[in-house]
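Read the structure below first, then the notes.
Only the coordinates and a few stated rules stand behind these numbers; no lab work does. From a predicted model like this one, the values you see are computed outputs, not experimental measurements. Neighbour counts are summed over all protein chains in view; Cβ atoms, including those assigned to glycine, are modelled from backbone coordinates with ideal geometry.
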Amino acid sequence: MLLFIATVVTTTLAGAEWIYGSSFLSGQMSFGHFKEGLWFSVPFLAFLTTHEFGHYFMAKIRKVRVTLPYYIPGWLGIFMSIGTFGAFIRIKDHITSKKDYFDIGIAGPLAGFVVSVITLILGFIYMPGDEFVYHIHPEYLKYDGNYRELLDSPANQMEAITLGKSLLYRFLESTFGNPALLPHAYELSHYPLILAGFLGLLFTAINLLPIGQLDGGHILYALIGKRAFRVVSPVALVMLVAYSGLGIFTPYDFQIVRSEGQWKLLLQFLFYVYFVYLCFSRIFTHRTRNWVLALSVVFGQLLLTQYFPGITGYPGFLAFGFLLGRVLGVYHPPTVDREPLGAGRIVLGWLAMLIFVICFIPYPIS
């Protein structure tokens, strides 16, 4: 309970900072600003809580002993955060049934997905007018009230946080959003319901990655079986890491004249190669094969950027690649039952995979 209360506080702090674009540590925020942060923390924690209790109640139904959710507060203060590092439940029993893995794994993402979609729909339906942006940025009023043209003009291009849009997000935006009220891309992160729904879809997609012991891993393992999953899961991890690291280093970086900076770049590159190896270090039992795989991926990244100089991935996903490949593991625990899932579960399982596709965002936050 104390962790949950702390997480309510930290996510409310973070929500207020996203709305007003300022840190509480700057001294410019008040308790009134803090209360505004509830517009973010309540729907976002509703998503997080629904997701975890989906797992919890399904575990109870399947007679698997499990703890209540543990919430992890995570307000950083010095830079923008979402106020939490998530939540988790701890399963106390050793699961050996494919159906148990499937049911417990799929219940969380489906429940959280529903909450995220509802939050986004409400965010679009009840989206405030431009006065909301002018309240946050009164300096925009100096430009005849047309702040969109101001932000679009080449002379006023700025560093700003933009949110990527998944297929489902675009559909909901076009269906429920009023085009006259939709804000400029630079200002979208100030809208708390939109931000909460966006993060809900993003984390649903991440949880549904068909790798290891993620929810998506449990689901796909039950759908396609152990042998096929032992191929699909490591391939998915390699694709994730390969995409994430695209553009971090290019052949052009190493064509400059030798200098002190060049040696620093070389050390950074060697560290990156070792990091990629760590992500793949549990795929094969022989280290040599993991090194060959890592070097092949890095070489492929350099080759792609040589012929397609503008191609880039999303480095933020590298943290998940490391977590999955090095910490959680890329393979699924074995099960002993061979009973087929049944038509209902198969339909739900592939529906979950479809949800992953329509919720995934190649460039979530830029």
*Grab the eigenvalues of the alpha-carbon gyration tensor for the range 1-63, scale each by 5, take roots, and send me the semi-axes largest first in whole angstrom.*
31, 10, 7
_Only counting other Cβ atoms within 10 Å, I'd like W39, W263 sorted with the fewest neighbours first._
W263, W39
*Determine one quarter of the surface area of the Cα convex hull of the range 146-295, which equals its mean projected area, and express it in nm² to one decimal.*
14.1
*asked:* Tell me the mean residue ellipticity at 222 nm calculated for the chain from its helices only (DSSP H runs of n ≥ 4, each -39500 (n - 2.57), averaged over every residue, nearest 500).
replied: -18500 deg cm²/dmol
_Once each part is reduced to its C-alpha centroid, what is the distance from the range 1-43 to the range 160-220 in angstrom?_
21
*Any of K60/K98; K99/K226; K165/K226; K35/K142 with alpha carbons more than 25 Å apart? Name them for me.*
K165/K226; K35/K142
*Roughly how many whole Å is it from the C-alpha centroid of the range 309-350 to that of the range 57-95?*
18
*Expressed in nm to one decimal, what extension gain is obtained for the pair E149 and V273 from 0.36 nm per residue of sequence separation less their Cα-Cα distance?*
40.3 nm
*Quick one: T10, T305, T335, T96, fewest Cβ neighbours within 10 Å first, how do they rank?*
T96, T335, T305, T10
*For the chain, what log10 I(q)/I(0) values come out of the Debye formula at q = 0.07, 0.14, 0.15 1/Å, with one point per alpha carbon and no solvent?*
-0.37, -1.29, -1.38
*Using the Karplus curve 6.51 cos²θ - 1.76 cosθ + 1.60 with θ = phi - 60°, work out ³J(HN,Hα) for each residue of the range 119-134 in order, rounded to whole Hz, and write x for Gly and Pro.*
4, 5, 4, 5, x, 6, 5, 9, 5, x, x, 5, 4, 5, 5, 5
*Hey, fewest Cβ within 10 Å first, where do E52, E139 land in order?*
E139, E52
*Excluding L13 itself, calculate the net charge of residues whose Cβ lies under 12 Å from the Cβ of L13, where each Lys or Arg counts +1 and each Asp or Glu counts -1.*
-1
